[in-house]
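Derivation of every value follows stated rules applied to the coordinates shown; laboratory data play no part. Keep in mind that this is a model prediction, so the values were computed, not measured. Cβ: placed from backbone, ideal geometry, glycine included. Neighbour counts: every protein chain shown.
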Amino acid sequence: MTQPEKLAEELGETLSHWIVGQRWYRSKAQGAATVRTGHTSVLIDGDPGLVHAMVTVGDEPYQLFLAVRSEPDSHLEHSHIGTAGGLHVYDAPQDGDLMGRLYDELLGGESVAGLRLRREPGADLEPGLRARLIGVEQSNTSLIFGNHYILKLYRRPDPGPNRDVVLHRALNSVYSPHIATPLGVLVDERGDEPVVLGFLQRFLPDAVEGWATATASVRDLLAEGDLHADEVGGDFAGEAARLGAAVAEVHAALAETLGTTEVGADDVLAEVAAMHARLDTVLREVPILAAHETTLREAFDAVRDLRAPLLVQQVHGDLHLGQVLRTTSGWVIIDFEGEPATTPALRQEPRTPLRDVAAMLRSFDYAAFHLLAGETADRQLSARATEWSDRNRAAFCEGYAEAGTDPREHQVLLRALELDKAVYEVRYEHHNRPDWLPIPLAAINRRS
């Protein structure tokens with residue numbers, strides 16, 4: 001085997017281009033960048049072998065699990081990265097047998113070339129489970145072991161406390177029914193301070209992603225010629241209300257366990273300034289947004305006049321229909337890392353729970369209109385999509401109000417936060433899914 005510390009360098013631009021092409025790469029707007037290798041370890045020696053590498057792309061750290069084989073494997077052709085030293089290199093999370101071997105090595109609790117699985121108290125884990133990849137994620141990579149556990153690998157692990165783990169532990173401490181039970185943390189012990197590389201939780205085999213459930217309802221409505229949203233068999237409003245209640249209960253549990261803080265006028269002004277700064281950035285990159293600049297700035301500035309005290313706390317930070325699961329017993333919320341595009345320090349800061357509400361309202365809008373993206377506008381279909389969005393946004397707020405406070409009582413702040421989220425979406429779609437750019441632009445127009 002080629003020396004592991006040289007693997008990334010030998011792959012060179014091949015590795016750089018592969019990383020830039022992955023959904024979890026965060027700086028697509030900057031294009032390709034030089035890859036520099038940090039800590040590298042051989043986790044499984046042999047053929048096939050497994051190498052773990054921490055690399056820096058530009059100024060961003062990423063972790064890679066690399067499968068190395070002397071002969072090509074046709075079953076892994078879709079995950080082939082390149083060749084180095086005459087060896088074929090693959091994205092190892094797509095190799096279920098190899099990752100299953102690593103799982104068994106880690107179960108003993110000992111360090112595996114600097115990586116260690118630290119179990120949660122009372123966690124009893126079953127050995128001998130093959131891994132399979134979940135292929136729908138964006139910022140992380142998750143593996144299911146057997147039908148029991150799910151291991152989320154943070155593609156961009158950050159130093160310091162891992163927010164996802166901290167918030168799950170806080171919610172688990174009060175027996176929240178809206179999370180998957182935490183079981184262990186995969187830690188990198190090769191540096192001066194341990195870094196969380198992965199999070200093991202109970203797998204929920206009966207769960208269905210909220211996005212899939214919601215968009216099935218949209219398809220049912222768009223297929224009907226005469227019925228309204230409340231008349232279609234797949235009406236989602238009841239689930240939207242139950243989801244609103246679940247989010248409110250999670251917010252209440254986080255406030256109970258981690259506390260709240262009352263912020264003053266200076267903090268509010270700072271947040272307004274941050275909204276304007278984010279808008280400035282997107283205007284430079286997406287000139288078409290300029291048509292809405294006046295509306296957006298007026299909505300942000302209206303927040304300056306708020307007089308009521310504003311409570312902030314730990315919230316989800318990146319809530320949308322892809323971050324919630326519907327199980328037979330209710331809604332479960334996943335991925336408490338916070339907004340991937342922000343810095344680790346900003347993700348740790350307490351925020352108003354209305355930010356999560358605004359993000360979920362935007363997600364309902366996406367669910368309603370995504371089937372029309374890239375198509376010539378059809379007035380009837382657009383009207384039906386609007387009807388679905390309005391109905392489920394209202395149901396979510398009603399459910400939230402039943403379990404907490406009514407977010408619609410804070411309309412000025414909620415509108416500003418929703419428009420701020422739409423500005424972020426404009427930038428994201430511009431760089432990743434241009435056909436979807438009309439979705440947030442139309443939403444800004446409707447809420448002007």
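Results, tabulated for the structure shown:
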| quantity | calculated |
| --- | --- |
| Mean Cα-pair separation over length for region 208-446, i.e. relative contact order, pairs under 8 Å, 6 or more apart, % | 31 |
| GNM result for the chain, Cα springs below 10 Å: residue of Leu325, Leu437, Leu153 fluctuating most strongly | Leu437 |
| Segment Asp104-Leu371, extension gain: residue separation times 0.36 nm, minus the distance between their alpha carbons | 91.9 nm |
| In order through region 109-117: 3J(HN,Hα) via Karplus (6.51 cos²θ - 1.76 cosθ + 1.60), integer Hz, x for Gly, Pro | x, 8, 5, 10, 6, x, 9, 9, 9 |
| Average Cα contact separation per residue, the chain, under 8 Å, 6 or more apart, as relative contact order % | 13 |
| Arg130-Thr14 pseudo-label distance in nm [points 7 Å out on the Cα-to-Cβ vector] | 2.8 |
| In Hz, Karplus ³J(HN,Hα) per residue of region 35-50 (6.51, -1.76, 1.60; θ = phi - 60°; x = Gly, Pro) | 9, 10, 9, x, 4, 9, 9, 8, 7, 9, 8, x, 9, x, x, 10 |
| Sites Arg307 and Ser111 - FRET efficiency at Förster radius 56 Å, r taken between beta-carbons, to 0.05 | 0.50 |
| Packing-based ranking, highest mean first, of 274-285, 393-404, 166-177 given that Cβ atoms within 10 Å are counted | 393-404, 166-177, 274-285 |
| R0 of 35 Å, Cβ-Cβ distance Glu224-Arg408: FRET efficiency to nearest 0.05 | 0.75 |
| Integer Hz, Karplus 6.51/-1.76/1.60 couplings in order for region 215-223, x for Gly and Pro | 6, 5, 5, 4, 4, 4, 5, 5, 7 |
| Farthest toward positive dipole pole in the chain [+1 Lys/Arg, -1 Asp/Glu at C-beta], among His410, Val51, Gln63 | His410 |
| Cβ charges +1 (Lys, Arg) and -1 (Asp, Glu), total dipole of region 208-446, debye | 340 |
| Total charge dipole magnitude, the chain, about the Cα centre, Cβ charges on Lys, Arg, Asp, Glu only, Debye to nearest 20 | 340 |
| Charge context of Glu409, other residues only, Cβ under 13 angstrom, K/R +1, D/E -1 | 0 |
| Positive-end residue of Trp24, Phe300, Ala113, charge dipole of the chain with Cβ unit charges | Phe300 |
| Dipole of the chain, positive direction: furthest Cα of Thr328, Thr261, Leu167, with charges on the beta-carbon | Thr261 |
| Electrostatic dipole magnitude of region 4-92 [Cβ: Lys, Arg +1; Asp, Glu -1; Cα centre; debye, to 20] | 360 |
| Sequence-separation-based contact order of region 169-320, relative, with Cα cut under 8 Å and 6+ spacing, percent | 21 |
